[in-house]
Every structure is written in C-alpha cells, then in structure tokens.
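Chemist: Before I ask anything, here is the structure I am working with.
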Amino acid sequence: MTKREVLVKMVEERFSDNVRPADEEDEIFESRDPGVRDFMKFINGKDWKDFLAYLQTGKFSKVQYFGGMISFMTPKAFHYFTPSLLIAVLTADISQLADTFFSRLMPRPDDEVGRIDRILDTYSEQQKSVIALVVEQYAHFTPPFGSRIDEDLYQYWKPMLPQKGGVRNKRM
C-alpha cells in the first residue's frame with residue numbers, strides 16, 4: 001500500500017462513527033447566505049461518502065461554487081464532511097477547494113475568536129492526528145511548499161502529528 005492509501009484507510013477508520021447532522025439549515029450552516037439553500041439541495045440526504053464520490057468525479061463547476069459554503073458550515077457539519085474532504089485531497093485534484101477546507105483548520109487573524117476551537121473540539125485526538133498526517137502529506141505535494149497557507153497549515157498541525165518512540169515522525 002502507498003502512503004496515500006494508508007492515510008485513506010486511516011481516515012475511514014477514524015471517522016467511521018461520524019454522525020450526520022439533520023438536513024436542516026441551522027444544523028448545517030451558520031449563515032443565511034443565499035448560496036446556502038443551493039448547497040443544502042446538493043447535500044440533502046447525502047452522506048460524506050456520497051459527497052466524496054462527487055468530489056472525485058472532477059466535475060468541479062459546482063464544487064468550486066460550493067467551496068465557499070464550507071466556510072459557513074457549523075462545526076458539527078464541518079466535522080461530518082471532513083473525511084470526504086481529507087480523502088479527496090489525497091485522491092483527487094481539488095486544490096481550490098482544499099485551500100478553503102484547510103483554511104478552516106487553522107486560526108486566522110481576521111476570524112472570529114474561538115472559531116478554530118469550536119471546530120477542533122468536535123474531533124477526537126485520533127481524528128486530529130490523522131488530519132495532521134493528511135495536512136503533512138498535502139503540504140508536501142510539491143516541495144518546496146506550494147503556498148503560504150501550506151506552510152502555515154503544516155506548522156499549525158505539526159504538533160498534532162502522532163509520535164513514534166517519543167519522537168515526532170519525520171515528514172512523509
């Protein structure tokens with residue numbers, strides 16, 4: 001198995017107990033942006049694996065449009081769809097969506113206080129460690145780092161990488 005295949009399996013295992021939020025706007029989104037209703041129609045009744053299958057098709061007109069909707073997801077909904085986005089980052093070319101997704105997983109100066117904490121509080125330590133491993137893989141797709149967000153993202157998640165023998169794992 002390749003490193004990416006191992007990571008996909010880890011994501012599936014660590015998010016296997018994911019509970020889907022109800023198909024109600026306030027369960028999925030923190031905003032009343034007009035695009036939210038379109039996105040709700042798109043994801044209504046879909047589980048994270050259905051969303052992953054769509055991301056892997058490469059039909060990105062809707063994905064790019066809906067990428068902004070990720071920013072409006074409640075922490076609970078963001079958590080639920082995290083495995084589809086992590087696996088898509090590993091298996092498909094979703095760079096534009098990946099930047100939006102990963103920007104939600106690190107603090108930013110212009111964000112509301114506590115936003116990242118509300119998101120991180122939804123993840124178990126095991127889920128955080130697999131997110132860190134995917135971030136590490138993503139940040140190193142095209143060495144040197146592809147963008148500033150890649151470097152900042154990697155530095156933020158680096159302390160959450162699993163430890164082996166008391167020493168942090170080296171980059172993949």
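Taken together, the values in this text are just the output of simple stated rules run on the coordinates, not laboratory data. This one's a predicted model, so the numbers in the text were calculated from it and none came from an experiment. Cβ: placed from backbone, ideal geometry, glycine included. Neighbour counts: every protein chain shown.
Chemist: Between SER71 and ARG108, how many nm apart are label points set 7 Å from Cα along the C-beta direction?
Modeler: Each label point lies 7 Å from its Cα, and together they span 0.6 nm.
Chemist: May I ask you to derive the FRET efficiency for HIS140 and ARG20 from their Cβ-Cβ distance with R0 = 35 Å, giving the value to the nearest 0.05?
Modeler: About 0.65, to the nearest 0.05.
Chemist: Taking θ = phi - 60°, what integer Hz values does the Karplus form 6.51 cos²θ - 1.76 cosθ + 1.60 yield along the range 129-137, in sequence order, with x for Gly and Pro?
Modeler: Per-residue couplings from phi come out as 5, 6, 4, 4, 5, 5, 4, 4, 4 Hz.
Chemist: State the extension gain, in nm to one decimal, for the chain segment bounded by GLU13 and ARG115, taking 0.36 nm per residue of separation less the distance between their alpha-carbons.
Modeler: Separation in residues times 0.36 nm, less the Cα-Cα distance, equals 34.1 nm.
Chemist: Pull out the extension gain between LYS41 and THR91, defined as 0.36 nm times the separation in residues minus the alpha carbon to alpha carbon distance; nm, one decimal.
Modeler: Here the segment from LYS41 to THR91 would lengthen by 15.5 nm.
Chemist: Same structure, new question: Amide H to amide H, which residues 5 or more places from PHE29 or on other chains are under 5 Å from it, using H placed in the peptide plane?
Modeler: THR74
Chemist: Still on this model: If neighbour count is taken as other Cβ atoms inside 10 Å, put ILE70, ILE131 in order from fewest to most.
Modeler: ILE70, ILE131
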